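The values are calculated or read from the model by the stated rules, or taken from the named source; none is laboratory data. Just so you know, these numbers come straight off a predicted model, no measurement behind them. Neighbour counts run over all protein chains shown; Cβ positions are idealised from the backbone, glycine included.
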Amino acid sequence: MNVYDSELVAGLLQKCGYFKTEDIMSADVIFLNTCAIREKAEETVHNRLNNLHYLKKKNPQLLLGVLGCMAQNLKNELLETKPFVDVILGPDSYRRIPEILNDRNGLQNHQVDTKLSKFEIYEDMFPSRHEGVNAWISISRGCDKFCTFCIVPFTRGRERSRSMQGIIQEVEEAVANGFVEITLLGQNVNSYRTGEGKFHVLLEKVAAVSGVKRIRFTSPHPQDMDDDLLKVIAEYENICNYIHLPLQAGSNRILKRMNRTYTQEEFLILVDHIRKFIPDCSISTDIIVGFPGEMDEEFAETLMVMESSAFDSAFMFKYSPRPGTKAAEYSDHIEEEVKQSRLEQVIALQKRLSLQQNQRHIGKILPVLVEKESKKSSMKWAGRTEGNTWVIFDKTNEKPKDIVNVLIQDAQGVSLFGERIMEKELVHEIN
Ligand code: 5AD
Ligand code: SF4
């Protein structure tokens, strides 16, 4: 989401006559787009700002801005501790940028705008994207779910959906600019809805845009996964058979305290249901360990649900208290060493599960979207399966952005290894 927002801001800057420099010393304007989801993300920004302070001392004309969730969340702290920051804009205030840049010579004071909007969806603004395979497209902003650990509803405000027409126009533009994969984004992507219909209707429309080879979306909430959506994923060849399904925790008491609105049993039934509807569907997840009050037995349930769900991959985090959220107020926080030990356990388990899931592909022919040269050899390509797993294979006559058939021969670490199968050989094999 932040990559997309940075691209939106880059688009605005270009419109104002600015262009991107690779040499930070020659920059006239530096914006840091920030994340507030965990403390570590904020620390990174603080460190970066301290480094940039040095540049600002050398060049007082430099305009330094902090954008995004951390600007929203920590406006006062930033004003107090980082007075050298000129501009602070929350995620709904990027439209102020041209005005601020036009007036920059007359600027005496800090420019701060962290008002959240019920309506801002940047409908008529177009992002300036890096060349590549995948284009991120934001379809909704904000979140109304209020999981008790999460800062997003406070930093990004209420949930609102963009018009289907605006999204389709952006998809068409991305395809015209050479992108072949589209990833639809929303904090709660599958609760998207407009007068024209729900998320599955939008997905069908995107799938019908000519030139879209692959569609992904992130992140859905388990509560909003319905059969209409699963049906559309199963039906359209260019919608990847891949679902990111954040579990967060396995124990019902913890799920309730997190306000996740589903139980362990409901989650497991959903995973089963997805695999029945879409037999080869890959599923990834998000896990938080050490949520306040999480007991050893409750943590063991997270391990159990991970094992039963056999996730293909997972993003795993130690709980990080976010001031202002409900969970941060709980009195029974878990010690750092316990969190660390639990994190190591989920990582070890997921490593085994990912390998096991990847091994099930050995001997299969999978469509792979060629993305780039392998880091290890200029004679090999790296591409991804529908399930989002990297596949390394010898180059023949294909090029980036082609979808080719690869016979999977080995699984190691988190990657697959194989050999390109030419269409002729495939016909032969099927016969
Ligand atoms: N601490 C740790 N992880 C968090 N996430 C969100 N808030 C927190 C927090 N306070 C994780 C969740 C979410 C992912 C994007 O980040 O797992 O799904
Ligand atoms: Fe945060 Fe996602 Fe929960 Fe919304 S649904 S509050 S973005 S974790």
Selected residue (criterion: nearest to Asp286 (Cα to Cα)) from residues of region 196-221 that are surrounded by fewer than 17 Cβ atoms within 10 Å (Cβ to Cβ) and of a type in the set (D, E, K, R): Glu204
So His200, is it at pLDDT 95 or above, within 16 Å of ligand 1 (Cβ to nearest atom) and outside the structural domain of Thr389 (by TED's automatic domain parsing): no
Cβ-Cβ under 6 Å pairs, at least 6 apart or on other chains, region 147-162 side free of Cβ contacts under 8 Å to residues at least 12 places away in the same chain, far side within 9 Å of ligand 2 (Cβ to nearest atom): Pro153/Cys143; Pro153/Phe146
Can you go through Glu131, Glu172, Glu181 and tell me which one is acidic (Asp, Glu) and at pLDDT below 95? Glu131
Residues satisfying the stated conditions in region 323-363, i.e. within 13 Å of ligand 1 (Cβ to nearest atom) and either outside the structural domain of Asp296 (by TED's automatic domain parsing) or within 12 Å of Met306 (Cα to Cα) (or both): Val346
Taking helices (runs of 4 or more DSSP H) that do not extend beyond region 146-210, which have at least 3 residues that are hydrophobic (A, V, I, L, M, F, W, C)? 164-176, 199-207
I need a count of the residues in region 7-51 that are in a helix (DSSP H, G or I), without any contact (Cβ under 8 Å) to a residue 60 or more places away in the chain and small (Gly, Ala, Ser). 2
Return only the number of the condition from (1) over 18 Å from Thr148 (Cβ atoms); (2) within 16 Å of ligand 1 (Cβ to nearest atom) that Cys281 does not satisfy. (2)
Any hit, region 81-94, residues being basic (Lys, Arg) and outside any loop (DSSP other than H, G, I, E, B): no
Scan (1) surrounded by fewer than 20 Cβ atoms within 10 Å (Cβ to Cβ); (2) in a helix (DSSP H, G or I); (3) not aliphatic (A, V, I, L, M) for the single condition Ser377 breaks and write down its number. (2)
Residues of region 241-250 satisfying the condition of being more than 15 Å from ligand 1 (Cβ to nearest atom) and either surrounded by 20 or more Cβ atoms within 10 Å (Cβ to Cβ) or not polar (S, T, N, Q) (or both): Tyr242
In region 1-47, which residues are charged (D, E, K, R), buried (at least 17 other Cβ atoms within 10 Å of the Cβ) and over 17 Å from the mean Cα position of the chain (by Cα)? Glu42
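Could you go through region 97-116 and let me know if any residue there is among the basic types (Lys, Arg), within 16 Å of ligand 2 (Cβ to nearest atom), touching a residue at least 24 places away in the same chain (Cβ under 8 Å) and within 27 Å of Arg322 (Cα to Cα).
Checked region 97-116: no residue is among the basic types (Lys, Arg), within 16 Å of ligand 2 (Cβ to nearest atom), touching a residue at least 24 places away in the same chain (Cβ under 8 Å) and within 27 Å of Arg322 (Cα to Cα).
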If I go through region 284-299 residue by residue, how many of them are away from ligand 1 (no atom under 14 Å from the Cβ) and either farther than 12 Å from Ser251 by Cβ or of a type outside the set (Asp, Glu) (or both)? 3
